[in-house]
Each structure stands twice: as structure tokens, then as C-alpha cells.
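The values are calculated or read from the model by the stated rules, or taken from the named source; none is laboratory data. As the structure is a computational prediction, the values presented were derived from the model and not from experiment. Virtual Cβ from ideal backbone geometry, glycine too; neighbours counted across all protein chains shown.
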Amino acid sequence: MIRLSLGMVVHEPPEISGLALKTQKQRKALAFILANIWKHGTNPIHFHLRNQRNVPKRYNPGMVGNKPIKSVLNALADLGLVEIETGTSKFTYNQNWERETPKLSQFTATDAFFEMLRMIIPSKHFFEAPPLHIQYKDLNDNLLDFEWCEFSKRAYQELAEYCNFMQEQKLMIDGEPLSHYHVTRTFRDWAGDGSFLYGGRGFHPVMRMSKQQRSRILINDSKTVALDYPASEPNILYQMMTGTRLSPDGDPYQVDGLERSEVKPFFTIMLNTSGAFGAAKAVTNWLDDNKVKDAEKAPVIAAIERFGSVRAVINAIVERNKPIEACLMQGKAMGQHYQWLEANLVFHVAYQLSLQGAPAITVHDELIVMEKDKELAEFIMYNEWPQGFPTLADAPWNKRSER
């Protein structure tokens, strides 16, 4: 997927016949839009069509507004120079209350328009800033400016090197190349202090594919295998609290009287809510949500019926996982810190594999590698642990060490 970049611009953009721009801001936006077409040609370029606040200067050096961008694109579309396809919001549901696959809006330049721009815009007038692999957001999903720190600089550098390596590989699915491999890690300001201690997962279009689709990915014409961390976040918490993961000899989801499929949804909620009462209420709300499929609810309902109450199931899970009890039900912000730990581990492993010449596609807690690299990947997955990261003072393992 190609996104509209505000880091590329055409200096001295040409006049376009029939294009009537009313403001200086629109003329400024035109220079960025033409640069994206000049580089990406007739490939679809994705952008946000809905109204939103302007992107901060960290990601938008030219301080181009969202409204002028939309105005210029609509004007170009009116001239038949680009086609605009409206996307689908992540909050869109069909008549059966099934969530529609979210999709960004996109615009596509015509062949004639692209060829004309290539003819009249010399390469010396095209400028592109290095891609930004780090973004920082508030809790409402708005981009924020941020100050670079030792951790963010290192995370950016390693991710940039990893992406450059992956872009040199041949990534295919069903005979078609995967889109340009660019990963951006998103951190969130849960503490309100600008710290890089929450979130941190990365995104690229492979993550939207089903597990079955991903199984058909070829890397350098070789079949691939997907390797994931079982019970990823709980096992990381065992690592933090006890010095070792519970797997492969044990499973945090293996609770007497419960199926693994029943425990997993409870555990997810217990990692992101505050207190047993809050966790029980969250489970009840989740079951009442008509947007959640009945098939997903069925195991949870079965567990509650067998144990007699939501609290009884929660207590059984806590009793099974006593070594990490202090980590459970510590609130949503702490849950985001646990996600941060997981993301750091996965990207650390992917980076280490790239240094060994082994390409790996990351999908949350999963790594897709060539079959021949399976043994190497598994070794690094379970023998590497990222060092030197900043610490969250009130994390349970730090509180434990103080006693």
C-alpha cells in the first residue's frame, strides 16, 4: 500500500491547464500531490478523505493542511486527471452487524497525466525526505510531535535497516508482488509525558491478510512457514517476573476445567482492565456487544456456564498463573506496556534475522520466514532478548525487585 507522503515535494510545480486554485495553501498542496504522482505513477495512492486535524510538523515538514489536499484532489478529479475512490471507515458494519474491512480512500493518476508530469518536471525539482518509521499518537488516534530519545532513535535506526533489507527481497503472493515493504511503529502517549513506553506495534498490509492468505506468501521464490509465540504476552510476563517463559513446557492458557479457546479471551481482557470487578464487567460488556460474532462468544459462554460465574473463571485463571498474578488486571495503560514489550521483542528478532541474511515478515507476534530459515528463526526467537530498553518504574517486576 502506498500512502500519500508529505515528505516529498516538487519545487516550482508546473501550471496545469484548467486547474483553478483559489488559495496559496492549495498551490502548496499541489506541489506535494504532484510529487507523489511523479514518484508512484499510476499506482493507487492512499489518503484520508474524511476531515481530520492537520498532521504535525514532525510528519509534515511543509505544514500542508488536509483540507487543501482534498480540494486539490477534487479539482484534479474534475479535470479527469485523477480518479478518487472513497474508502471504508473502521466503524462501518453491514446489515448483519459484521464489521466491514476498513479501507483508506485512494486516488490514481491517469496514464496521460503521469506521463505529462514526467516530461515537464525534471528530476532535480523532485525532493523526498527519508521515510519516517516512528509515529506517536494520543489516545484519540491523533498524531503528536515528539522529542527523540535514545530508545526512539535506536528503534528507528533498526527498523529502517530492517525495512531496507526487506525491500531488497522478492516478496510474492499468488504470482503478484506484495506492496512496498514499509513498516511504521505506532507508540501512544498513555502516560501523558511523551514517553515511548506504550504500544509500539507496526503495520503493513500483510497484517490485513487472513492466515490462509499469508500461508501463500513466497519469499525469494521459496515457500514460507509462520512461527508465532504461543500465549505471547503472558509468556513475556513470566519472563519478566520469573526469568523464564512458561512455554514450551507449560501453557498459561492451560487451566484445569477449561479449554484453551475459553481461557484466551478472558486472558486478553484481564491484561487490559483494572481489578477483578473491572475485568468481570468487561467480559459481560463484550458478551453483550452485538458486533462480536456468536462463534467468538461461544467458548466464553460455555466456560461461564460450567464454572457458574464470570468471577469464578477469572479466579481459576489467576490461581493457575500465580507467578504473574501481580501483572494481571492492572489497567489498560499497563496492557499497552505489555504490548510494547511484545512489539520490542518481535522487531528485535526480525532485525537480528536480517543481520543473518534471513528475511522475516512480522505480523504482531508472528514471523513469516522461508522454510529453510525455520531453525535459525526459532533459535533467535527463544534465545534473544532485547537489552537496554527504558523501564516503567511502576511495572510489577520493578515493584517486585524493590521488595
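Odds and ends about this structure:
- Within region 41-65, considering residues that are modelled with pLDDT of 90 or more and β-branched (Val, Ile, Thr), the one farthest from residue 87 (Cα to Cα): 64
- In region 80-132, the residue that is farthest from residue 203 (Cα to Cα) out of those that are in contact with a Pro (Cβ under 7 Å, 6 or more places away or on another chain) and without any contact (Cβ under 8 Å) to a residue 24 or more places away in the chain is 88.
- Tally of residues being in a loop (DSSP other than H, G, I, E, B), over 22 Å from the mean Cα position of the chain (by Cα), modelled with pLDDT of 95 or more and among the aliphatic types (A, V, I, L, M) across region 231-278: 2
- Test: residue in region 202-216 that is part of a helix (DSSP H, G or I), more than 16 Å from residue 349 (Cα to Cα), without any contact (Cβ under 8 Å) to a residue 24 or more places away in the chain and of a type in the set (Lys, Arg): yes
- Within the option set 71, 5, being among the hydroxyl-bearing types (Ser, Thr, Tyr), closer than 21 Å to residue 137 by Cα and in contact with a helix residue (DSSP H, G or I) (Cβ under 9 Å, 6 or more places away or on another chain) holds for one residue only, 5.
- Residue satisfying all of: in region 284-316; of a type in the set (S, T, N, Q) and under 16 Å from residue 272 (Cβ atoms); farthest from the chain's Cα centre (by Cα) among these: 284
- Pick from region 34-66, criterion buried (at least 19 other Cβ atoms within 10 Å of the Cβ) and more than 25 Å from the chain's Cα centre (by Cα), ranking: nearest to residue 19 (Cα to Cα): 34
- Counting only residues that are within 20 Å of residue 346 (Cα to Cα), touching a Phe, Trp or Tyr at 6+ places or on another chain (Cβ under 9 Å) and among the aliphatic types (A, V, I, L, M), region 226-270 holds 6 of them.
- Condition check for residue 169: surrounded by 13 or more Cβ atoms within 10 Å (Cβ to Cβ), part of a loop (DSSP other than H, G, I, E, B), under 24 Å from the mean Cα position of the chain (by Cα) and not hydrophobic (A, V, I, L, M, F, W, C): yes
- Residue in region 388-396 that is crowded, with 16+ Cβ neighbours inside 10 Å and part of a helix (DSSP H, G or I) present: yes
- Checklist (1) more than 19 Å from residue 256 (Cβ to Cβ); (2) surrounded by fewer than 21 Cβ atoms within 10 Å (Cβ to Cβ); (3) in contact with a helix residue (DSSP H, G or I) (Cβ under 8 Å, 6 or more places away or on another chain) applied to residue 307, failing item: (1)
- Any hit, region 86-93, residues being at pLDDT 90 or above, under 20 Å from residue 32 (Cβ atoms) and part of a loop (DSSP other than H, G, I, E, B): no
- Residue-level check: of (1) in a loop (DSSP other than H, G, I, E, B); (2) touching a residue at least 40 places away in the same chain (Cβ under 8 Å); (3) farther than 28 Å from residue 275 by Cβ; (4) not polar (S, T, N, Q), residue 367 misses just (1).
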